[in-house]
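To start, the structure itself, in C-alpha cells.
The values are calculated or read from the model by the stated rules, or taken from the named source; none is laboratory data. Note that the structure is predicted; figures quoted are calculated from it, not measured. Please note: Cβ atoms are built from the backbone with ideal geometry, for glycine as well, and neighbour counts cover all protein chains shown.
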Amino acid sequence: MLLVGESTAGKTRAAFEAMRLLLPDYSFLAPSTREAVEVLLEDWGAIGDCVVWLDDLERFLGPGGLTLSALHRLLAPHPRVVVLSTMRSHEYNRYRDRAEHDVTGVEQDVWRQGRSVLRQAQVVQLERRWTVPERARTRVLQADPRLSRALAGGERFGVAEMLAAGPELAQAWQHAWVPGHHPRGAALVAAAVDARRAGYHRPMPADVLRRLHDGYLARHGGPELRPESFHEALIWALAPTVPAGANSLLLGDAAQGYIAFDYLIDLPAQEPILEALWWEVLERAPVHEAYAIACNAWLAGSFEPAYPTFRRAAQAGIGQAEGILFELGMPLRPAEEALVSARRRLNALRRELGDDHEDCLMAESEVATFTAHCGRYEEALHLSNELAHKAASVFGSEHRLVLGVKFGAAWSTFASGAQHEGLVMLDAAVRESTRVLGPRDMAVLDRRWWIVQLLVDAGRVGEAKRRIRALESDCAFLATNHPITVRVRRLADVLRHSSLDP
C-alpha cells in the first residue's frame, strides 16, 4: 500500500491511523535507512504478521535498498506481511511510465528499479486540499483551536498543510533573506533543503551546515545582507512557528544533526544546487545511496562530483556504474573481468526473476556491451540480435533498450571488419533513435560520437572530420563541461591536428 500526495497532505498520519485501526495486532518494523532493508531481510525467516513501514519511500528505492527482488523476498514467504509506505507526489511522478523517454544513461538503472517496485503497489492518492464534505465534517470539531486556525486558511491551503504550518514556514524562509533579518539562517536552511533535493535524507551535523551555508549566503549578497551570527541563525531556524509545538524550518538537535522540513523541498523556483554540496553529500552517503545521488548530480549538470562516486559504486558491484565508466572511457578494470561480473549478475537475476524480466534484459545488454569491449564482435553481434528481438517483444520496438541494442549490433558489425555494412547499420540506428528520442537526446549524441570514433579507429579520418564538425555544431546547446561536449571537443582537436586531408 502506497499513499501518494504533496508534502503536508497528511500521508504519514493517515497511513499510521489506518494501520492502527485495521492492523492493531500486527508487529511494526520500520527500517531507518536504505541499508536497513537488507539487514531486515537477513533475519526474515521467523517473522509473523507485521507491517513494514517505509515513510518517504523514495529514500529506500534503488540499488542496495528496496528493489523488486528485495520486495519479493519480503512478501513471498509471508502472505500476512503488509508493506505500508508514503511518497511525495513530486518523487512519485519521476517514476511514472510517461517519464521513460526523459530518462537517459546514468539514471536508467535507479529509475528502472524504482519503477518496478512502484508498479507492485496499491496506490492511494491523497489530495492536499480537502473536499467540501471533509471541511464540513472538520467544522464540527472547531472547539480544537488548531483545526479552527487551519480552516481559517481558506481553500487555498489544505487543512493538514495549515496544521503543519507549511505556508508560514515557507514565507518565513523567503523573508529571512532581507538584509538585517535572518539571512544566515536562511542560508543554513537553503543548504539543508538542497541536501534533501540532492537525495540525501539524513541529518546534517552543525559543522557541515556551517561549512556549506557560506556559498548560499554569498549567492544572495554575502556581507551586504548584514548576516547574524551562526548561533543566532541556528536558533532562528530551529524556532517553532506559532502555536508552540508546530514545525520549524530545521528539525533535529546538536547530537543527531539537522534536517530540512519536508514542505520546503518541493517549493517552486529554487536555484541550482551548489557543487560544494554535491561533493559533501556524495562523500557522506553510503555507497548505494551515493550512486543514486550521483545520478541526480549528473542530471543537474554537476559532473565532476559524480565521477568518483561512479567508481566507488562500480567497486561495490553496481553493474550499471561500471558500464557508465566504460562508456566514459574510464574503465574500472579490464573488459574481460567486467564481463565475468556481468554474466554472474545476469545468471543470478534469471534464477530469481525469469528470462524476460526487465532487469534481466538490461543485464543481458550489459553482457553484450562488455563482450564487444573484449573484442569478441561476432559473439556480441549474436547476443545483440537475440536481445533486440526479445526486448522488442516485451517493450516494443521503440523502447530505449531496443534502440540501444540495435546500435550495439551495428557497432559490433563495423568493428568486426564489415565496415560498409556496419556504417549503414550505424547510420540507420542513429536515424531511428533520433526519430524516437529527438536530435538533442544524450543517447543520440553519444551514438554519433561513437560513429566518429569508430571511423577514426578504422583510419577513415576524412569522413570522421566531416561528421565531427556537424556534431560539434549540434552539441552547442550543451554546457562546456558536459561529458559529451568534452569528448566531442577532444576528438575534434585530434582530427584537426591530423595530417590526413579531409
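Do we have any residue at all in segment 400-412 that's in the same structural domain as G375 (by TED's automatic domain parsing), touching a residue at least 60 places away in the same chain (Cβ under 8 Å) and out of contact with any helix residue (DSSP H, G or I) (no Cβ under 6 Å at 6 or more places or on another chain)?
Taking segment 400-412 and keeping what is in the same structural domain as G375 (by TED's automatic domain parsing), we get 400-412.
Cutting the leftovers down to touching a residue at least 60 places away in the same chain (Cβ under 8 Å) gives us 400.
Going one step further and asking which of them are out of contact with any helix residue (DSSP H, G or I) (no Cβ under 6 Å at 6 or more places or on another chain), we end up with 400.
Yes, there is a match, as at least one residue in segment 400-412 is in the same structural domain as G375 (by TED's automatic domain parsing), touching a residue at least 60 places away in the same chain (Cβ under 8 Å) and out of contact with any helix residue (DSSP H, G or I) (no Cβ under 6 Å at 6 or more places or on another chain).
Please pick out the residue among E289, E271 that is crowded, with 18+ Cβ neighbours inside 10 Å and in contact with an Asp or Glu (Cβ under 9 Å, 6 or more places away or on another chain).
Values: E271 fails: crowded, with 18+ Cβ neighbours inside 10 Å.
Answer to the selection: E289.
For segment 168-176, state whether one or more residues are within 22 Å of the chain's Cα centre (by Cα), small (G, A, S), modelled with pLDDT of 90 or more and closer than 18 Å to Q270 by Cβ. Break it down into steps so the answer makes sense when it comes.
Start the filter on segment 168-176 by keeping residues that are within 22 Å of the chain's Cα centre (by Cα), which leaves none.
So far as segment 168-176 goes, no, none of its residues is within 22 Å of the chain's Cα centre (by Cα), small (G, A, S), modelled with pLDDT of 90 or more and closer than 18 Å to Q270 by Cβ.
Looking only at helices (runs of 4 or more DSSP H) that lie completely in segment 228-317, which have at least 3 residues being small (G, A, S)? Please lay out each step first, then the result.
On the way: elements: 230-238, 275-284, 287-299, 306-315.
Per the criteria, 287-299, 306-315.
Evaluate the following for V405: is it part of a helix (DSSP H, G or I), of a type outside the set (D, E) and touching a Ser or Thr at 6+ places or on another chain (Cβ under 7 Å)?
On the way: part of a helix (DSSP H, G or I): yes; of a type outside the set (D, E): yes; touching a Ser or Thr at 6+ places or on another chain (Cβ under 7 Å): yes.
Yes.
Which numbered condition trips up G462, out of (1) in contact with a helix residue (DSSP H, G or I) (Cβ under 7 Å, 6 or more places away or on another chain); (2) surrounded by fewer than 19 Cβ atoms within 10 Å (Cβ to Cβ); (3) small (G, A, S); (4) in a helix (DSSP H, G or I)?
The number of the failed condition is (1).
From the list V452, V405, pick out the single residue that is crowded, with 19+ Cβ neighbours inside 10 Å, among the hydrophobic types (A, V, I, L, M, F, W, C) and within 21 Å of R489 (Cα to Cα). If you could, list the steps in order and put the result at the bottom.
On the way: V405 fails: within 21 Å of R489 (Cα to Cα).
Of the residues listed, the single one that is crowded, with 19+ Cβ neighbours inside 10 Å, among the hydrophobic types (A, V, I, L, M, F, W, C) and within 21 Å of R489 (Cα to Cα) is V452.
Would you point out the residue of segment 1-37, among those that are without any contact (Cβ under 8 Å) to a residue 60 or more places away in the chain and in contact with a helix residue (DSSP H, G or I) (Cβ under 7 Å, 6 or more places away or on another chain), that is nearest to L66 (Cα to Cα)?
Taking the candidates together, the pick is V37.
Out of contact with any His (no Cβ under 9 Å at 6 or more places or on another chain) and closer than 20 Å to R431 by Cβ: which single residue out of A388, A342 fits that description? Lay out the reasoning, then the answer.
Values: A342 fails: closer than 20 Å to R431 by Cβ.
That would be A388, the only listed residue that is out of contact with any His (no Cβ under 9 Å at 6 or more places or on another chain) and closer than 20 Å to R431 by Cβ.
Against the conditions (1) of a type outside the set (F, W, Y); (2) outside any loop (DSSP other than H, G, I, E, B); (3) closer than 18 Å to G114 by Cα, where does P31 fall short? Just the number, please.
(2)
Considering only residues that are at pLDDT 70 or above, part of a helix (DSSP H, G or I) and surrounded by 15 or more Cβ atoms within 10 Å (Cβ to Cβ), which ones fall in segment 97-134?
Our first condition is that a residue be at pLDDT 70 or above; within segment 97-134, this holds for 110-134.
Filter once more, so that each one left must be part of a helix (DSSP H, G or I): 110-118, 132-134.
Of everything in segment 97-134, those that are at pLDDT 70 or above, part of a helix (DSSP H, G or I) and surrounded by 15 or more Cβ atoms within 10 Å (Cβ to Cβ) turn out to be V110, W111, R112, Q113, G114, R115, S116, V117, L118.
Here are H213, H220: which of them is over 23 Å from S89 (Cα atoms) and out of contact with any Pro (no Cβ under 8 Å at 6 or more places or on another chain)? Break it down stepwise before answering.
Working: H220 fails: out of contact with any Pro (no Cβ under 8 Å at 6 or more places or on another chain).
Residue meeting the stated conditions: H213.
Looking only at segment 48-63, decide whether some residue is within 20 Å of P286 (Cβ to Cβ) and modelled with pLDDT under 85.
yes
Results for (1) in contact (Cβ under 8 Å) with a residue 40 or more places away in the chain; (2) buried (at least 18 other Cβ atoms within 10 Å of the Cβ); (3) of a type in the set (S, T, N, Q); (4) not assigned by TED's automatic domain parsing to the domain that holds A9, shown as yes or no for each residue.
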{"site": "V52", "(1), (2), (3), (4)": "no, yes, no, no"}
{"site": "E58", "(1), (2), (3), (4)": "yes, yes, no, no"}
{"site": "L61", "(1), (2), (3), (4)": "yes, yes, no, no"}
{"site": "L66", "(1), (2), (3), (4)": "yes, yes, no, no"}
{"site": "A76", "(1), (2), (3), (4)": "no, no, no, no"}
{"site": "H90", "(1), (2), (3), (4)": "yes, no, no, no"}
